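Before any comments, here is the structure.
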């Protein structure tokens with residue numbers, strides 16, 4: 001049985017392992033090998049502990065008892081929601097950021113990503129948020145398609161990150177939190 005639950009501090013090792021496995025599979029072509037090697041470092045465990053204890057919404061998708069994916073979401077920082085010229089939209093205070101949503105590839109295409117996004121969106125909507133944003137690698141057609149099916153679309157804002165000497169272009173997507181996933 002598939003379900004989504006709130007992550008606890010006891011889930012930190014599981015989240016770190018899922019994070020590393022998922023990034024190695026999904027981003028091997030986009031990120032330099034050094035960036036993927038760093039996923040074994042203890043700082044990854046600390047980052048997950050900080051996320052859980054720091055107030056971000058961290059949800060885990062499971063199939064049976066097996067954790068298969070995760071989502072991290074919360075209030076969008078001003079830098080993430082601002083227009084390219086730095087101006088904030090009128091709904092900036094009610095906009096949330098889905099900072100990461102990943103399902104381990106061998107568990108893909110089973111609805112876990114949709115359940116994660118829907119659960120996060122519903123909880124954030126219930127807390128007063130009205131809109132979500134996510135930054136997605138421009139070279140990740142599967143993730144772009146996933147968000148588009150949920151009604152989230154590019155808003156013409158892009159950014160380029162330096163991922164250990166390799167530049168990674170990301171597209172900002174935005175969409176409603178009252179999702180109807182098909």
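The values are calculated or read from the model by the stated rules, or taken from the named source; none is laboratory data. Being a predicted model, the structure only gives us computed values, none of them experimental. Glycine also receives a Cβ, built like all others from the backbone with ideal geometry; neighbour counts cover every protein chain displayed.
Checking 138, 119, 129, 134 one by one, the residue that is over 30 Å from residue 65 (Cβ atoms) and buried (at least 20 other Cβ atoms within 10 Å of the Cβ) is 129 and no other.
Just one of the listed residues (55, 64) is at positive phi and either modelled with pLDDT of 90 or more or surrounded by 13 or more Cβ atoms within 10 Å (Cβ to Cβ) (or both), namely 64.
Checking 51, 20, 84 one by one, the residue that is touching a strand residue (DSSP E or B) at 6+ places or on another chain (Cβ under 7 Å), without any contact (Cβ under 8 Å) to a residue 40 or more places away in the chain and not in a strand (DSSP E or B) is 51 and no other. Which of the residues spanning the stretch 166-180 are in a loop (DSSP other than H, G, I, E, B), surrounded by 14 or more Cβ atoms within 10 Å (Cβ to Cβ) and modelled with pLDDT under 90? Residue satisfying the conditions is 179 alone.
Residues checked against (1) outside any strand (DSSP E or B); (2) at pLDDT 90 or above:
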residue: 74; (1), (2): no, yes
residue: 93; (1), (2): yes, yes
residue: 106; (1), (2): yes, no
residue: 113; (1), (2): yes, yes
residue: 121; (1), (2): yes, yes
residue: 129; (1), (2): yes, yes
residue: 133; (1), (2): no, yes
residue: 136; (1), (2): no, yes
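For the stretch 143-165, residues that are within 20 Å of residue 29 (Cβ to Cβ) and either surrounded by 13 or more Cβ atoms within 10 Å (Cβ to Cβ) or touching a strand residue (DSSP E or B) at 6+ places or on another chain (Cβ under 7 Å) (or both) total 10.
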